[in-house]
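Read through the structure below, which is laid out as structure tokens, and then see the notes.
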Amino acid sequence: MKMRLRINSRNAILMGGFLLGAYLLLMITVTNAGQNRLKESQLNELSLKVNSYSESLGYFFDATIEDVKGVAKHKTTYTFFANLASGMSMEYGLGSSLLQLRRNLVRLTKPDTQLNTSALFERMLLVGFKSNVIADSHPRLPFDVSRVPFDEMRTTDHKIDVLAKNDQIIIRVLQNVYFNGELVGVIVGDVNLDVVVHLLTTQEYENSSSKLVLATQQGLLPIWNTFNAEGNAVALEQGSTLYFDKEVKQTPIRLHAWFEPVSESQIITSTWFTIGLSFLAVPVILGLYYSLRINNTNLVLTTKIEETHNQQAALTRQNERLKTEIDRRKMYEQELAYQASHDTLTRLSNRKSGDEKLRHALLQAKREEMNVLVMFIDLDNFKQINDTLGHLAGDQILMQTAKRLTESVRKTDVVARIGGDEFLLVIPNLSSEKQAQLLASKLLATFEDPFQLEASEFFVSTSIGMSIYPQDGENAEELMAHADTAMYRVKKDGRNGFSFYDSSMNTDVQRNLDIDARLRQAISQDELKMYYQPIIDLSTEQIIGAEALMRWNDDKLGFVSPDEFIPIAEKNGLIHKLGEIALHTACHQAQQWQSIQPLSIAVNFSAAQFRQRDTLMENILTALSNSGLEPNLLDIEITESLLFNHNNETVHLLEEIKQLGAQLSIDDFGTGYSALSYLQKFPFSKLKIDRSFLQEMETTPSSQELVNAIIAMAKALGLKVVAEGVETQWDKDYLQKHSCEFAQGFYYSRPLTKEAFEALLLEQNSRTS
Ligand code: C2E
Ligand code: CA
Ligand code: CA
């Protein structure tokens with residue numbers, strides 16, 4: 001392709017240029033040859049012409065000589081000399097013959113009227129040899145006899161002489177006159193130069209420039225000069241003309257002739273013509289040149305295009321790489337966006353995204369005047385499963401829950417995971433409360449099926465709280481808060497159910513505010529009491545300890561459960577004060593009871609208290625020293641939540657407490673977040689199984705298994721086990737059978753006032769003693 005392109009354009013143009021050059025060269029050569037020929041022939045022609053001029057002059061002078069000779073031999077001349085020789089006087093014959101002679105001379109200087117030709121001579125004279133003028137055609141004009149070359153005339157018969165007079169040339173024909181064989185005189189004829197000029201000019205017919213002069217030693221006689229133009233004059237001087245020099249026979253005269261070279265006048269073969277032709281070739285050459293340039297430009301362009309093509313290819317490759325990179329990034333970003341808006345475990349929307357979708361649904365509902373259902377779903381016993389069976393099991397439950405929820409609703413409904421075991425459902429276009437009720441029932445029903453974890457089956461129930469836009473709230477925050485409130489109502493009412501929000505629930509909020517305010521007052525007015533619940537040794541069924549539990553009976557609010565006010569105290573910071581009260585009171589009380597019976601005292605510590613470590617440690621030390629209680633009789637109960645967010649300082653503090661000699665118990669075991677492995681890290685001596693396990697144990701085999709597992713695990717870790725919430729004989733028997741060390745619960749005793757507890761102690765003492 002590229003090869004052919006080069007042959008077609010560039011080489012073709014070069015070939016064209018070469019051929020044109022050759023053509024021009026040929027033409028110039030031919031023209032030149034033609035010109036040379038022409039010049040040669042012109043030269044020949046001019047040479048012939050000049051020859052003919054010279055010959056004409058030769059004939060002319062022959063004629064003059066003939067004429068002069070005729071005079072010399074004329075009878076009047078003879079008669080005169082004869083008369084002179086005979087001694088005839090002027091008066092008698094000589095004078096008349098002289099007159100005759102003169103008439104003859106004059107005749108020759110007169111034009112021939114018959115032939116209408118000019119006279120050949122201007123002046124005719126007869127001069128006596130080496131003497132005076134005898135006869136003169138123009139006697140009045142002066143004549144210098146001395147300029148007649150008498151001596152030369154002795155050696156010749158006739159002669160043409162040239163002489164200068166007053167800057168003028170005179171051509172003079174001289175002829176000897178003999179009488180009786182003796183040289184007696186000379187006929188002098190001054191040639192009529194006009195005739196000479198005329199003679200030559202009539203022969204010149206060319207209209208080209210030329211110049212002719214007769215050259216003599218005495219000067220020049222110009223005949224004509226048609227080199228008028230300045231340029232031609234210059235040409236003349238520079239000798240760029242054709243020049244001829246020819247002698248005129250029998251005369252001392254030479255013909256000098258200059259001619260314009262033929263090429264100058266013959267335009268067809270002239271250099272100008274050639275130049276003209278060459279000029280004609282200029283556009284062609286220019287054309288070729290530009291073609292070549294265009295071709296070159298084309299070549300350059302082609303190269304550039306190729307280069308561009310290559311660059312483009314490179315760019316394309318680069319672009320492709322970039323595209324892949326961008327695609328990868330986009331995927332990565334999408335993944336990030338997905339991760340940002342989704343829960344990685346269940347692939348459901350996360351809290352943020354669920355919230356956004358709710359807002360979106362509300363906006364739409366506002367426009368279309370529709371109802372939106374907001375559902376809070378919380379798994380009831382998820383934490384137990386998670387903690388006892390491990391996170392993998394917990395993850396399985398969550399994933400299966402997500403699947404069940406998603407399958408129970410429409411595609412347009414929103415399912416999001418908003419917390420550990422909390423889910424949000426948003427149902428746009430809710431037609432009626434009835435529809436919400438049906439959906440909630442349907443969801444509860446899906447949780448009646450057990451969850452499969454490897455070989456085992458587990459039952460997980462849920463609590464569902466619902467709020468409806470617009471009746472229960474205008475915005476997302478309100479609706480979420482209200483659904484949450486409704487959900488907690490279900491939890492409170494025994495879980496595994498659903499509830500719609502109703503405005504009376506709002507009193508909860510108000511109650512929290514009231515508790516907050518009243519609790520401060522209660523502390524300052526010392527209204528908080530400590531109750532004590534016995535802890536029983538299951539092998540002897542004797543009281544070996546007590547758990548101190550706080551009681552608050554407010555004038556206005558009535559009895560407030562520690563389950564209600566402790567979390568509030570944790571939030572408003574009152575927990576530190578409460579902890580101090582509980583610890584001091586309990587230690588003091590326990591020390592007093594030692595005299596009745598040695599027993600340990602368990603005091604609940606909130607995780608929040610561990611945030612002020614110095615205060616905490618100081619409190620423990622002062623409580624022990626103030627009360628005088630043996631440190632090993634103090635049992636500090638902490639919940640798993642402390643362990644979950646623990647740091648090294650927490651571990652350090654727990655170690656310090658242990659160093660002090662106090663006991664550490666892990667409370668509410670099975671409800672928190674920590675894995676069993678955590679327990680190894682901390683210096684616990686007791687583990688308290690949360691009472692929720694006990695509650696289900698009698699009816700639920702899985703709970704029994706969990707309790708068994710917890711006991712076995714605790715033993716393996718060297719921990720004593722306290723079962724909380726022992727309410728029945730069955731519970732007690734089961735625990736005893738499974739080697740649980742201690743028990744606490746209504747079966748033995750409710751938490752009691754110090755007086756009641758003391759009475760119980762004394763009663764026990766009296767029984768045993
Ligand atoms: P907890 O530490 O698990 O305390 C045991 C709770 O179980 C007590 O509830 C007790 O009345 C209840 N209980 C005992 N036996 C049974 C039973 O057989 N059946 C049932 N259903 N319940 C039983 P209480 O006194 O309402 O205390 C609730 C929670 O409040 C405590 O749970 C503890 O976490 C917290 N608390 C109580 N007093 C204090 C305190 O002085 N300081 C701190 N930080 N928390 C406290
Ligand atoms: Ca406790
Ligand atoms: Ca407990």
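The values are calculated or read from the model by the stated rules, or taken from the named source; none is laboratory data. All values derive from a computational prediction rather than experimental measurement. Quick reminder, even Gly has a Cβ in these numbers, built from the backbone with ideal geometry, and neighbours come from all protein chains shown.
Can you tell me which residue among Met697, Met713 is surrounded by 15 or more Cβ atoms within 10 Å (Cβ to Cβ), within 15 Å of ligand 1 (Cβ to nearest atom) and at pLDDT below 90?
Step by step, each of Met697, Met713 is checked, and only Met697 is surrounded by 15 or more Cβ atoms within 10 Å (Cβ to Cβ), within 15 Å of ligand 1 (Cβ to nearest atom) and at pLDDT below 90.
With the requirement that a residue be more than 16 Å from ligand 3 (Cβ to nearest atom), under 13 Å from Leu583 (Cα atoms) and of a type in the set (D, E, K, R), what does the range 600-645 give you?
Glu618
Residues in the range 679-731 that are in contact with an Asp or Glu (Cβ under 8 Å, 6 or more places away or on another chain) and not polar (S, T, N, Q): how many?
17
Each row is one residue, and each column tells you yes or no for (1) part of a strand (DSSP E or B); (2) within 20 Å of Ile223 (Cβ to Cβ).
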| residue | (1), (2) |
| --- | --- |
| Leu38 | no, no |
| Thr64 | no, yes |
| Tyr78 | no, no |
| Lys110 | no, no |
| Glu122 | yes, yes |
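Just to verify a result, which residue in the range 741-755, among those that are more than 16 Å from ligand 3 (Cβ to nearest atom) and in contact (Cβ under 8 Å) with a residue 60 or more places away in the chain, is surrounded by the fewest Cβ atoms within 10 Å (Cβ to Cβ)?
Here is the first cut: in the range 741-755, the ones more than 16 Å from ligand 3 (Cβ to nearest atom) are 752-755.
Restricting the remaining residues to those that are in contact (Cβ under 8 Å) with a residue 60 or more places away in the chain gives 752-754.
Details: Leu752: 17, Thr753: 13, Lys754: 19.
It comes out as Thr753.
Restricted to the range 561-580, and to residues that are out of contact with any Asp or Glu (no Cβ under 6 Å at 6 or more places or on another chain) and more than 16 Å from ligand 2 (Cβ to nearest atom), which residue is nearest to Asn512 (Cα to Cα)? Don't jump to the end; show me each part of the working.
Looking only at the range 561-580, we keep the residues that are out of contact with any Asp or Glu (no Cβ under 6 Å at 6 or more places or on another chain), and these are 561-567, 569-571, 573-580.
If we keep only those that are more than 16 Å from ligand 2 (Cβ to nearest atom) too, we end up with 571, 573-574, 576-577, 580.
Values: Lys571: 11, Gly573: 14, Leu574: 14, His576: 19, Lys577: 18, Glu580: 22 Å.
Across the range 561-580, the extreme among qualifying residues is Lys571.
For Leu664, work out the one condition from (1) in contact with a Leu (Cβ under 7 Å, 6 or more places away or on another chain); (2) modelled with pLDDT of 95 or more; (3) over 24 Å from Ile711 (Cα atoms) it doesn't fulfil.
The single condition Leu664 does not satisfy is (3).
Of everything in the range 403-422, what is out of contact with any Gly (no Cβ under 9 Å at 6 or more places or on another chain) and either more than 21 Å from Met370 (Cα to Cα) or not hydroxyl-bearing (Ser, Thr, Tyr) (or both)? Give them in sequence order.
Lys403, Arg404, Leu405, Thr406, Glu407, Ser408, Val409, Arg410, Lys411, Asp413, Gly419, Glu422
From Gln592, Gln597, Gln663, which residue is within 16 Å of ligand 3 (Cβ to nearest atom) and under 22 Å from Lys754 (Cβ atoms)?
Exactly one of Gln592, Gln597, Gln663 is within 16 Å of ligand 3 (Cβ to nearest atom) and under 22 Å from Lys754 (Cβ atoms), namely Gln663.
Does Thr202 satisfy the condition of being closer than 30 Å to Pro111 by Cα, modelled with pLDDT of 75 or more and exposed (fewer than 14 other Cβ atoms within 10 Å of the Cβ)?
Yes; evaluated as a whole, the condition is true for this residue.
Out of everything in the range 540-560 that is buried (at least 19 other Cβ atoms within 10 Å of the Cβ) and over 14 Å from Leu519 (Cβ atoms), what residue ends up being farthest from ligand 2 (Cβ to nearest atom)?
The qualifying residue farthest from ligand 2 (Cβ to nearest atom) is Ile543.
Quick check: is even one residue across the range 343-360 exposed (fewer than 14 other Cβ atoms within 10 Å of the Cβ) and free of Cβ contacts under 8 Å to residues at least 12 places away in the same chain?
Looking for residues that are exposed (fewer than 14 other Cβ atoms within 10 Å of the Cβ) and free of Cβ contacts under 8 Å to residues at least 12 places away in the same chain, one finds at least one in the range 343-360, hence yes.
Across the range 591-615, what is the total count of residues that are away from ligand 2 (no atom under 15 Å from the Cβ) and either within 20 Å of Tyr531 (Cβ to Cβ) or buried (at least 21 other Cβ atoms within 10 Å of the Cβ) (or both)?
Adding up the residues that qualify gives 7.
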